[in-house]
1. Taking the residues in region 187-209 that are touching a residue at least 24 places away in the same chain (Cβ under 8 Å) and exposed (fewer than 13 other Cβ atoms within 10 Å of the Cβ) as candidates, determine which candidate is nearest to residue 244 (Cα to Cα).
2. I want to confirm something. Restricting to region 21-41 and keeping residues that are assigned to a helix (DSSP H, G or I) and free of Cβ contacts under 8 Å to residues at least 40 places away in the same chain, which single residue is nearest to residue 169 (Cα to Cα)?
3. Considering region 154-173 alone, what residues qualify as being within 15 Å of ligand 2 (Cβ to nearest atom) and in a strand (DSSP E or B)?
4. Residues that are within 16 Å of ligand 2 (Cβ to nearest atom), at least 1 per element: which helices (runs of 4 or more DSSP H) completely within region 200-287 meet that?
5. Tell me whether region 132-145 contains one or more residues that are more than 15 Å from ligand 1 (Cβ to nearest atom), under 21 Å from residue 290 (Cβ atoms) and modelled with pLDDT of 95 or more.
6. Restricting attention to region 57-71, and to residues there that are surrounded by fewer than 18 Cβ atoms within 10 Å (Cβ to Cβ) and in a loop (DSSP other than H, G, I, E, B), which single residue is nearest to ligand 1 (Cβ to nearest atom)?
7. Does at least one position in region 98-106 carry a residue that is at pLDDT 95 or above and within 16 Å of ligand 1 (Cβ to nearest atom)?
8. Suppose the filter is under 27 Å from residue 188 (Cα atoms) and in contact with a helix residue (DSSP H, G or I) (Cβ under 8 Å, 6 or more places away or on another chain); does residue 294 pass it?
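The values are calculated or read from the model by the stated rules, or taken from the named source; none is laboratory data. Remember, predicted model here, so these are calculated numbers, not experimental data. A quick note on method: Cβ atoms are made from the backbone with ideal geometry, for glycine too, and the neighbour counts reach across all protein chains shown.
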Ligand code: CP
Ligand code: NVA
């Protein structure tokens, strides 16, 4: 069995296999109702626990639907309703859940919760977002880019805004898939140096450019995300907005990238804050393909975890 904890912890060949498998499974289902079972039902007789310690729309629904399409069953658990939220250790929770279910997906705050869950679980554990990373999202994003533009290797991705958890997973992916990433945002919101160093060590060109107009020159993909993440203090909201406003992805900034550049946002978005509706609903945007591909990418991730 395999855990899917982070993109840099997964072999690059396996990441490629997962994306290719996801595309093949997507194609095989074209035109079928959302609830139709996949022909091979690879998760038949399997039970999957989906634990959420933070809100979610896409992750919750795409994992749930994905398991069911593959013939498995799910239980969606809220962290605060479990003993986990009332003092039971992560290790004991992991040991107990492993007696009931075949796979655990967890969305949590502290990365240590995820790693401890993986250490003590005897079934695969999948990272459904932590304060530091969001690997399932970036697998869907790489799949989406390649659907529209072919191989992402050697392309230029520009991250505009907060160097947050989603940005970190893009940096991990830059190292593993071989694309370049330029970060443009204020210095106080830079991605952690560890993520930058890791991507550079793997040969990816990582640039920090404070001027958004310069940053987007020659970009194949522009990416934005919320300016205030779920783990950020709401009291920082006004300061962050003031700092990040110059990095909004609007039509003017988009026009300075390559003419065929794509726009991505993992959603949920605050329209007309980090990106304008004009861009989000415009011809460069592939935001809803990204959301759909969460389903396909995660189905392939679950199969890889269970070696099915
Ligand atoms: N992009 C994403 O993970 O969305 P949710 O928070 O709705 O799951
Ligand atoms: N950076 C955002 C992503 C949400 C999917 C957050 O962590 O809130």
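1. The residue in question is 188.
2. Going residue by residue through region 21-41, those that are assigned to a helix (DSSP H, G or I) are 21-28.
Next, from what is left, pick out any that are free of Cβ contacts under 8 Å to residues at least 40 places away in the same chain: 24, 27-28.
Values: 24: 24, 27: 26, 28: 28 Å.
Across region 21-41, the extreme among qualifying residues is 24.
3. Selection gives 159, 160.
4. Values: elements: 212-215, 237-244, 251-254, 277-280.
Helices (runs of 4 or more DSSP H) meeting the threshold: 237-244, 277-280.
5. As a first pass, look at region 132-145 and keep what is more than 15 Å from ligand 1 (Cβ to nearest atom): 145.
Then keep just the ones that are under 21 Å from residue 290 (Cβ atoms); that gives 145.
Adding the requirement that they be modelled with pLDDT of 95 or more leaves 145.
Within region 132-145 (the criterion being more than 15 Å from ligand 1 (Cβ to nearest atom), under 21 Å from residue 290 (Cβ atoms) and modelled with pLDDT of 95 or more), the answer is yes, since at least one residue qualifies.
6. Per the criteria, the residue is 57.
7. In the first step, residues of region 98-106 are kept if they are at pLDDT 95 or above; the result is 98-106.
Filter again for within 16 Å of ligand 1 (Cβ to nearest atom), leaving 105-106.
Yes, region 98-106 contains a residue that is at pLDDT 95 or above and within 16 Å of ligand 1 (Cβ to nearest atom).
8. Details: under 27 Å from residue 188 (Cα atoms): no; in contact with a helix residue (DSSP H, G or I) (Cβ under 8 Å, 6 or more places away or on another chain): yes.
Considered against the rule, which asks whether it is under 27 Å from residue 188 (Cα atoms) and in contact with a helix residue (DSSP H, G or I) (Cβ under 8 Å, 6 or more places away or on another chain), residue 294 comes out as no.
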